[in-house]
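**Student:** Provided herewith is a single structure, encoded as structure tokens, for subsequent inquiry.
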């Protein structure tokens, strides 16, 4: 029998765990899909000489590889159990001496002609009014690719299996990082058993997004890096982190070729046959594309994989993909969605091909003057979604006056064909399923890194 907890003692929050407790803590039994099978223990069994405290990019890379320093993060990191304690802010757009690198620092020449990349030269070469709507080619495009590779070598960081990465205190920050948790296709458990906790991921950005002139009516700039990406990985726990753009927020970016010069991709993408993932108590804020689960409609290796649990996360003023799902059995419960003043809002729950979303007891704070409830679900070649216990509160009406809404019925009322409100499974791995009324205060007080508190309503 499924038990939904009441709102009793909502404002009593347990004392935050100490850094030492977080380091060795493992995922509790039944805490989502990452508890399946052997569960997720990360680096909890690390010997004392494999517990590292890091304050710079160089130290971080060395810790991933048993203390061996390197200029770039090796493609085959160590799988020896390890704990990496992050103190303060680590910037990944830096050189080997920890000196900051601006985008211009990555400019590289076309390897064929020697022509150096520049934004001005690229814009002059591929202005749709003169170049037309065909994909870029030639010296400036090749120079862009070379420049992008130079940045990628700095920001792409690859953790190995049996690793815990944990922030010390409430201010531990990874700035500009692409944490690429990547295994080997068709090699089971080649990247497994990883915990990422108590960290702020801030301003992951791509200096050299690809110009795609036929992507949409006006074309699009497509950035590459995610704050965290999971590919061919399993048993991963992402917990109590914050994901946000600050210095590179979308509203601070220019327009180029008449569209936003988008330097961001996802915040946390789970693709390429990744499996058994729990995403809990995180804050995702002020971003467009949040979480993609499944990378392609034509991905036979994903069938039977992409089993993910999302619970007690705050999705705050986001554009889309909260998450967008293909193939996977994804349990989405007790999350708090704040859709307040969100320019460019598209949808929250994306129903992709063969996806099997099971969503229950989530709370949506919505500006009814701006967002129709039928838009909360988006359809992308999918057919089925189970959804129950969704509470919707209207801005500025308090949560106590929220009403239950059948979001599938709202979608079906204005869209054709209808979505089918059933899926072929029911979750068995979950803990602390609360009534949706309890979600806003609980998530507001407890989601994100230690001792961080978000605004209860709209900011």
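**Student:** Please arrange 104, 360 by how many other C-beta atoms lie within 10 Å of their C-beta, fewest to most. Mind dumping the intermediate values first?
**Tutor:** Details: 104 11, 360 20.
Exposure proxy ranking, most exposed first: 104, 360.
**Student:** Taking N as the number of residues in the range 16-83, what is its alpha-carbon radius of gyration divided by 2.2 N^0.38 Å? Before the final figure, lay out each step's value.
**Tutor:** On the way: Rg = 13.8 Å, N = 68, 2.2 N^0.38 = 10.9 Å.
Cα-based Rg divided by the globular estimate yields 1.26.
**Student:** For the pair residue 38 and residue 99, how long in nm is the line joining their label points, each one 7 Å along Cα→Cβ?
**Tutor:** Roughly 4.4 nm, to one decimal.
**Student:** Set the Förster distance to 45 Å, then compute FRET efficiency between residue 112 and residue 298 from the Cβ-Cβ distance, nearest 0.05.
**Tutor:** Working: r = 33 Å, r/R0 = 0.73.
After rounding to 0.05, the efficiency reads 0.85.
**Student:** Projected area of the range 187-228, taken from the Cα convex hull and averaged over every viewing direction, in nm²?
**Tutor:** For the range 187-228, averaging the hull's shadow over all directions gives 5.5 nm².
**Student:** Could you give P(r) for the chain, binned at 10 Å from zero, as whole percent values over all Cα-Cα pairs?
**Tutor:** Whole-percent P(r) values from 0 Å outward: 4, 20, 31, 27, 14, 3, 0.
**Student:** Using 1/(1 + (r/R0)^6) with R0 = 35 angstrom and r between the beta carbons of residue 426 and residue 170, what's the FRET efficiency to the nearest 0.05?
**Tutor:** So, using R0 = 35 Å, E works out to roughly 0.45.
**Student:** Taking the beta-carbon count within 10 Å as an exposure proxy, list 403, 142, 24 from fewest neighbours to most.
**Tutor:** 403, 24, 142
**Student:** Continuing with the same structure: Cα atoms only: what Rg and Dmax, in Å, come out for the range 301-446?
**Tutor:** Calculated on Cα positions, Rg and Dmax stand at 14.3, 46 Å.
**Student:** Just want the ordering: 287, 312, from fewest to most Cβ atoms lying within 10 Å of their own Cβ.
**Tutor:** Least to most surrounded, the residues fall as 312, 287.
**Student:** For Cα pairs less than 8 Å apart in space and 6+ apart in sequence, what is the mean separation divided by the residue count of the range 19-446, i.e. the relative contact order in percent? Let's see the in-between values first.
**Tutor:** Numbers: 1175 pairs, mean separation 49.1, N = 428.
Averaging sequence separation for qualifying contacts and normalising by length gives 11 percent for the range 19-446.
**Student:** After finding the eigenvalues of the alpha carbon gyration tensor for the range 34-152, what semi-axes result from the square roots of 5 times each, listed largest first in whole Å?
**Tutor:** The answer is 40, 18, 12 Å, longest axis first.
**Student:** Still on this structure, I have one more. Go ahead and estimate [θ] at 222 nm for the chain from helices alone: -39,500 (n - 2.57) per DSSP H run with n ≥ 4, summed, over the residue count, rounded to 500.
**Tutor:** -3500 deg cm²/dmol
Laboratory data are not the source of any read-out in this text; all were calculated from the coordinates shown. These numbers were taken from a predicted model, which means no experiment stands behind them. Cβ coordinates were reconstructed from backbone atoms using ideal geometry, including for glycine residues, and neighbour counts include every protein chain displayed.
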